[in-house]
Amino acid sequence: MAVTIKDVAREAGVSVATVSRALNGHSNVTPQTREHVLSIATALRFIPSQAARSMISRRTHTVGALLPDLHGEYFSELIRGIDLAARARGLHLLVSSSHGDASEAAAALRAMNGRVDGLLVMSPHANADFLWGNVPEGLPAVLMNTQAQGGRHSSFAVDNYSGAFAMVRHLVERGHQRIAFVAGPESNFEAHERLRGYRSALAELRPEAVEQVLQGDFTQESGYRVGNQIVALAERPTAVFAANDMMAIGCMAALNEAGLQVPQDIALAGFDDIPISRFINPSLTTVRARITELGGLALERLASCIEDPAQGAPQHQILRRFLARHIAPTSKRRHTR
C-alpha cells in the first residue's frame with residue numbers, strides 16, 4: 001500500500017499538520033523538525049499527493065493549452081515556448097488538440113475544467129460565443145492568434161497581415177509581375193489575415209496584376225500538390241508566396257522534381273521561419289514570426305492572471321516586433337538581422 005502522510009507523522013512522532021507544514025516549507029516549523037520529517041518521508045519513500053495539495057490550496061499548478069493541432073514544427077516551437085515559461089514558474093502543462101473541429105475543441109476545454117488553473121487557447125473556433133459557452137467565468141484564459149480579440153480575455157497575436165504585406169512588397173521590389181499565393185485553411189484566422197495581407201499589398205503595389213490564389217491547408221502535402229499545379233500551368237507565376245513554411249517546402253519539392261530551380265526559375269517564399277526552413281537547399285525566404293516567444297509571452301500573462309486575478313483589464317497585444325524587419329532576399333543567401 002502507498003505510504004500516507006499519517007504514516008510519516010506516526011513514524012516521526014509529530015502531528016499530520018506538522019508534517020504538512022514541514023513538507024510545504026512553512027516558516028512555523030523549526031529547522032530541526034523539518035529535517036527530521038523530511039528524513040522520515042524519504043526513508044518511507046513518501047510521495048505527496050498532488051490531488052490532496054490541490055484540495056487544500058485550490059490550485060493544481062497546471063495550465064492547459066488548447067491548440068488546433070500538435071503536428072509539425074510550428075506547434076513544436078509554440079509548445080516549447082509555453083513549456084519553458086511554465087517550468088520557470090513551476091507549472092505543469094496539459095496540452096490538447098482540437099484537430100480543427102469545434103466540437104472537439106469544446107470537449108477538450110470542458111475536460112480541462114477543474115484540472116487546470118488557467119487556459120491558453122489557440123483555435124479557429126474561439127469567437128466570443130464559443131469562449132462564453134466553454135470557458136468558465138472565473139477561469140483565467142489567454143488567447144493566441146484567435147479572432148476573438150478585445151474581449152474579456154487577454155490576447156496575443158502575430159501581425160499576420162503586415163507580415164504578408166511586407167513579403168509581397170519584397171517580391172514586388174525584386175521585380176516580380178505574377179505573384180501567386182498558396183492560402184491556408186479557409187476557417188483559420190491566421191490564414192485569413194495572411195491572405196488579406198497578400199491581396200491588399202497586390203492591390204496597392206501592383207494594381208495591374210491579377211490575383212492568383214491556390215488553396216492549401218498548411219500541410220507540406222498540400223504545398224506539394226499546389227506545386228504540381230503550378231508546374232502544369234501554361235503561364236507560371238514568377239514568384240510563389242506560401243502562407244506558411246511547410247507549404248512552401250512542399251511546393252519546393254514539387255518544383256525541384258519538375259526540374260525547376262528556386263529561385264532562378266521561380267522565386268519562393270513562406271511565413272513563420274520554422275527551424276527547418278534554414279536548412280533546406282536553398283534556404284527559404286520567409287517572414288520571421290517568433291513562435292517560441294509568442295508561447296512564452298502568453299504563458300507569462302496567464303501565470304500573472306492566475307496569481308492575481310484582480311490585476312485589471314485584459315491586455316490585447318499585436319506582436320509586430322515578431323516580424324522580420326529585413327526579409328531575406330529570394331536567393332541562396334539568407335539575410336538575417
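The values are calculated or read from the model by the stated rules, or taken from the named source; none is laboratory data. Here the structure is a predicted model, which is why all the values come from computation and not from measurement. Ideal geometry is used to build each Cβ from the backbone, glycine not excepted, and the neighbour counts take in all protein chains shown.
A few remarks follow.
- One residue stands out in segment 257-283 among those that are in contact (Cβ under 8 Å) with a residue 60 or more places away in the chain and part of a helix (DSSP H, G or I): the one that is nearest to L319 (Cα to Cα), namely P275.
- Only listed residue being at pLDDT below 90 and loosely packed, with under 15 Cβ neighbours inside 10 Å, chosen from A324, A258, A232, A310: A310
- Note on segment 238-256: among residues that are in contact with a Phe, Trp or Tyr (Cβ under 9 Å, 6 or more places away or on another chain) and part of a loop (DSSP other than H, G, I, E, B), the one that is nearest to T219 (Cα to Cα) is N244.
- Residue pairs whose Cβ atoms lie under 7 Å apart, sitting 6 or more positions apart in sequence or on different chains, and linking a residue in segment 1-12 that is in contact (Cβ under 8 Å) with a residue 12 or more places away in the chain to a partner that is charged (D, E, K, R), are V3/R45.
- Checking each residue in segment 287-301 for being under 11 Å from the mean Cα position of the chain (by Cα) and among the hydrophobic types (A, V, I, L, M, F, W, C) picks out A289, I291, L294, L297, A298, L299.
- Residue match in segment 41-61 (condition: within 25 Å of H192 (Cα to Cα) and in a helix (DSSP H, G or I)): no
- Residues located in segment 101-116, provided they are part of a helix (DSSP H, G or I) and of a type in the set (D, E, K, R): E104, R110
Quick grid of which residues meet (1) touching a residue at least 40 places away in the same chain (Cβ under 8 Å); (2) outside any loop (DSSP other than H, G, I, E, B):
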residue: L171; (1), (2): yes, yes
residue: A180; (1), (2): yes, yes
residue: E186; (1), (2): no, no
residue: L214; (1), (2): no, yes
residue: R225; (1), (2): no, yes
residue: E235; (1), (2): yes, no
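- Leading residue by the ranking (farthest from G118 (Cα to Cα)) among those in segment 284-307 that are modelled with pLDDT under 90 and not in a helix (DSSP H, G or I): R288
- Filter result for the condition that a residue is over 16 Å from V287 (Cβ atoms), crowded, with 19+ Cβ neighbours inside 10 Å and not aliphatic (A, V, I, L, M), over F271, F181, F189, F218: F189
- Residue within segment 254-269 that is touching a helix residue (DSSP H, G or I) at 6+ places or on another chain (Cβ under 6 Å) and not aliphatic (A, V, I, L, M) present: no
- Test result for M122, in contact with a Pro (Cβ under 7 Å, 6 or more places away or on another chain) and either among the polar types (S, T, N, Q) or closer than 23 Å to R288 by Cβ (or both): yes
- Residue tally, condition farther than 16 Å from T42 by Cβ and assigned to a loop (DSSP other than H, G, I, E, B), over segment 1-12: 1
- The single residue among N145, N127, N134, N113 that is surrounded by fewer than 19 Cβ atoms within 10 Å (Cβ to Cβ), among the polar types (S, T, N, Q), in the same structural domain as L66 (by TED's automatic domain parsing) and touching a helix residue (DSSP H, G or I) at 6+ places or on another chain (Cβ under 9 Å) turns out to be N113.
- For I230, the conditions (1) part of a loop (DSSP other than H, G, I, E, B); (2) touching a residue at least 40 places away in the same chain (Cβ under 8 Å); (3) in contact with a helix residue (DSSP H, G or I) (Cβ under 8 Å, 6 or more places away or on another chain); (4) over 26 Å from N145 (Cα atoms) are fulfilled apart from (1).
- Checking A166, A191, A126, A201 one by one, the residue that is under 19 Å from the mean Cα position of the chain (by Cα), in a helix (DSSP H, G or I) and among the small types (G, A, S) is A191 and no other.
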